[in-house]
Structure formats: structure tokens, C-alpha cells
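Can you read through this structure? Questions will come right after.
No lab work stands behind these numbers, since they all come straight from the coordinates. Given the structure is predicted, the values throughout are model-derived calculations rather than measurements. Cβ: placed from backbone, ideal geometry, glycine included. Neighbour counts: every protein chain shown.
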Amino acid sequence: MPVAQVLTPLARARAQVLAASRPLAAEAIALQDALGRVLAEPVHAAADVPGFDNSAMDGFALRAGTAGRRLVLAGEARAGAPAVGPLGAEEAMAISTGAALPQGADAVLELERAEVREGAVIPRLEVAPGRNVRRAGEDVRAGSRVLAGGRRLGPVELGLAAGAGAARVHCARRPRLALVATGDELVAPGQVLGPGQIYDSNRIALAGLAARGGAEVVLTRHVGDSPAATVAALDDALGAADVVLASGGVSVGAHDHVRPALERIGVSEIFWGIALRPGKPTWFGTRGRQLCFGLPGNPVSALVTFLLLVRPALARLQGAWPLYRTVPARLGTAVPRRRARDEAIRVRLVHERSGPRAVPTGAQGSHILSSMLDADGLALIPAGEGELPAGEPVTIELI
Ligand code: AMP
Ligand code: MG
């Protein structure tokens, strides 16, 4: 008989995983390769953005207070081609959106509000100083911090960095992740199932989550329930990766070989078994700076434990902050509590006038992968007696 497991509370398990996850070395990368990467250093603006006072409209640059006067049309300022000389007091200049405001002008009159006659412009209304003028530095000041370190670079971040003149950014290297799916019953999708066989769904789903989490998936493999094959596959995985995930084979059954295999190749156990449903058999250990997770084979358990433990670890390896996002909500339906384990329930968030309501996605069995479909987050239900009534405040960890 296996020894009784001491279950580690989720918060503690997470703290232990994060304590073992240290940011990887940073590298300089070109902005066009940086989508999804995490800044290791802040980005500062090399210059003001906009870099000069410019026009917000196509129209005429002029001086305020010239309504009704006949202003001589003196040349043109275009985007990328500023006017050569200053503007005289009784002059107006054609100007396009984004063109530098000529010296001497302090406003822009929209094209449709000007009367243009015989080489002259007559403003049809009083124009206040600053009208349609975008000021230098209005968006970003020279030298100011445009983006903080730890921020993941999305399209908007990349646009801001480019606008501020950055061509390269410093980001932590992407964590290399290797994935080993264990189980004699597993067959790759596309092949014919024999008796008792099932399709391997964890490998593709976990690889997808890992990629979304910023990892570079360098190896994925299937291995049967043999001790020697498990050792060999995990050894290869550790040879290639910063983070190794095994799926299945981590529980107490006669055919579960992941734990002894990992210990055999020098991975030290940090915890085995967490007080969480789904995800109880989860194992975690380290070899130097390498992280090894033995995730349960049940598809929901594998994905939930990935989200709660592996994803924040990947975030920390990349130096990302925050490590995960939570929102407060109220339970949409009553939920029974487990006496000894917290429960991560898959929920959709329904936005109501009183705030977000967390509605369970349906049957919550750890083999019911469809319960993850359309889930916005995980409601973390603390262990306890009885049920948590509808309307109770809960924390939702967004997926
Ligand atoms: P295990 O953790 O190996 O005891 O597996 C628990 C359950 O998850 C069993 O029903 C397995 O058949 C199933 N399972 C294990 N690995 C996978 C996988 N890669 N894809 C889908 N189901 C799996
Ligand atoms: Mg198995």
C-alpha cells in the first residue's frame, strides 16, 4: 500500500513553485519579433511624442483672432514636409493632418470652415489659439517611461514602443518547455482506436496552453507505462527544457511511473499531492533551476493544474507581472463544498447590473473536458462544510 499523501494547500504549492521559478536571462530582440514577449527592462521615450506641434486636421494654419480677415495663402505644410519659413500675421498656410505647425501660426481652421477666394483664405468663424493643434509631448514626454518592465508586449505596447523610437527591446528568453504524455491507452488523433484506447488530448491542449503562456515547446512525446521508457523520455525532456511537464502516471497506481522516474534522473520532489479538486495527484520538483511538473492525466485536472501552477511559473520565468489575474464575482448558483480540498470550478462570467456572476459551465467531473469550453475563469471554492450559496462572493482567476 502506498503511504498516505499529505496534501499541500494550493496557496502553499503555488508559493513553492514560484519560489523555484527565477526569471531567465534577458536578450535584446527586434520589435517585430517581440509580440507576446515580456519586457525585462522598461522602455523610455527617446523624444517627445508627438515630436512637434502639429495639425489635427486638414485645413489652414493661421493666427487666432483673424475671423473675417483676408489672409494671403502662403504655401503649404504637409506631413513629412514642414513649411520652409514662418507665417506672416496676415497669412494662412494650407496644412495637412500631422504636418508641423508653421512658426507664427497658433491654430488650424478646418478646410470646410474657410472661404478660399483668389489666393486668399477668409476664416468664417473666430478661431481660438490652439484649435486643432496637437502639442509636442502630449502623448509621451521625452525621457518618460512608456512601458514598465514585466509588461507583456501586445500590439498596443509594440505600437507605443515603436512610436517612442524603440527598435529593440530587452526581454527574458522564452522558457523552453518539454511535454511527455504517459499512458498505454493513448493513441494519437487520426489513428484507429483499439479496445480500451483513447485519444491523447492532453499533449495538444497542454502544448497550446504552454505556447499561450509564452513558452517555446521544444519537445512533445508519448510514452507507454513502462518504467524504463518513462525514465528515457523524461531524461530527454530535461536535456532540452527549462520546464518539463509529464501528464498522467503520477498517482499511486501500479502503472504510474513518473515520480520514481523523475527522482531517478535527479529531480528533487518539492510536493506531491495538492488539496485541490481537480488536481490532487499533482507532483512538483526541481533539478537546479529546472522545473518539473507531474500533472494528473485526467484532461480537466491537467489543464486546471497547468493554469494554477504552470502558467504563473512560466510568467515568472519571463519576469512577467502580474502572474495571474483575478476578478471578484458572485456565485450564480449554489456550490457544494469539499471538506478537505479547495475546488476550482470552471465558470462563465455573466455581467449583470449588480456585477459579474460566476455560472458553472456544467458537470465538473475531471474527465469532462467540455466543462472547460467557454469557461472565462476558475472559481476557487475554499474547502468547508455544506454548500456555498448563490450570491456568495468568490474570486475568479481568469483563464
Ligand atoms: P492517470 O493520471 O495516468 O492515472 O490518468 C488518469 C485518467 O486520465 C485516465 O482515465 C487516463 O486514461 C486519462 N488520460 C491520461 N493521459 C491522458 C491524455 N494524454 N489525454 C487524455 N486522457 C488522458
Ligand atoms: Mg496513466
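Take peptides 341-350, 225-234 and line them up by average Cβ neighbours within 10 Å, highest first, as a rough protection proxy.
On the way: 341-350: 21.3, 225-234: 18.3.
So the order, starting with the most tightly packed, is 341-350, 225-234.
Considering amide H positions built from the backbone, and no H for Pro or chain starts, which residues 5 or more places from Glu216, or on another chain, come under 5 Å of its amide H?
Counting only residues 5 or more places away or on other chains, the set is Arg176, Leu177.
Evaluate the distance, in nm, between pseudo-label points positioned 7 Å from the Cα of Ala148 and of Glu110 along their respective Cα→Cβ axes.
3.9 nm
Given a cut-off of under 8 Å on Cα pairs at least six residues apart, what relative contact order in percent is computed for the range 54-134? Mind dumping the intermediate values first?
Working: 217 pairs, mean separation 34.7, N = 81.
The value is 43 percent.
Taking the simple approach of a point 7 Å from Cα along Cα-to-Cβ for both Glu90 and Ala25, what is their distance in nm?
7.1 nm
Here's a follow-up. For Ser201, put the label point 7 Å out on the Cα→Cβ axis and report which residues of the range 293-335 keep their amide N under 17 Å from it.
Within reach of a label on Ser201, which here means backbone N under 17 Å from a point 7 Å along Cα→Cβ, the range 293-335 contributes 296-307.
Could you work out how far helix 10-20 tilts from the main Cα principal axis of the chain, as a 0 to 90 degree angle to the nearest 10?
Between the helix axis and the principal axis of the chain, the angle is about 70 degrees.
Remind me, relative contact order of the range 330-370 in percent, using alpha carbon pairs under 8 angstrom and six or more residues apart?
Values: 37 pairs, mean separation 16.9, N = 41.
Relative contact order for the range 330-370 comes out at 41 percent.
Also: Nearest 5 percent is fine: what portion of the DSSP beta bridges confined to the chain is antiparallel?
Details: 57 of 85 bridges.
That works out to approximately 65 percent antiparallel.
Here's another thing I want to ask about it. Using a basic spin-label model with each label point 7 Å from the Cα along Cα→Cβ, how many nm lie between Ala232 and Arg287?
Spacing of the two 7 Å Cα→Cβ label points: 1.6 nm.
For a quick check of your reading of the filter: which GluC sites (Glu not before Pro) in the range 354-399 sit in a DSSP loop and have no more than 15 other Cβ atoms within 10 Å? Don't jump to the answer; show the numbers that get you there.
Numbers: sites: Glu385, Glu387, Glu397; in loops: Glu385.
Qualifying residues, ordered by number: Glu385.
Please label the shape of the range 326-396 as rounded, prolate or oblate, based on the square roots a ≥ b ≥ c of the eigenvalues of the alpha-carbon gyration tensor (a/c under 1.5 means rounded; beyond that, a/b larger than b/c means prolate, else oblate). Before the final figure, lay out each step's value.
On the way: a/c = 1.88, a/b = 1.11, b/c = 1.70.
Oblate shape, in that a/c is at least 1.5 and b/c is the bigger or equal ratio.
Which listed residue (Leu209, Pro42, Thr305) has the Cα farthest towards the positive end of the charge dipole for the chain, taking +1 on Lys and Arg C-beta and -1 on Asp and Glu C-beta about the Cα centre?
The listed residue farthest towards the positive side: Thr305.
Assuming R0 = 35 Å, can you tell me the calculated FRET efficiency for the pair Leu193 and Ala240, based on Cβ-Cβ distance, to the nearest 0.05?
Details: r = 30 Å, r/R0 = 0.85.
Here the calculated transfer efficiency is 0.70.
Apply the a/c threshold of 1.5 to the C-alpha gyration tensor of the chain and tell me whether it is rounded, prolate or oblate.
On the way: a/c = 3.41, a/b = 2.40, b/c = 1.42.
Prolate.
Just subtract the alpha-carbon distance of Ala46 and Ala254 from 0.36 nm times their residue separation and send over the number in nm, one decimal.
Values: separation 208, 0.36 × 208 = 74.88 nm, distance 6.24 nm.
Stretched out fully, the Ala46 to Ala254 stretch lengthens by 68.6 nm.
Follow-up question, since we're still on this one. If Rh is defined by the Kirkwood formula over all Cα pairs and Rg also comes from Cα, what ratio Rg/Rh do you get for the range 54-134? Present the calculation step by step, with values, prior to reporting the outcome.
On the way: Rg = 10.7 Å, Rh = 11.8 Å.
My calculation puts Rg/Rh at 0.91.
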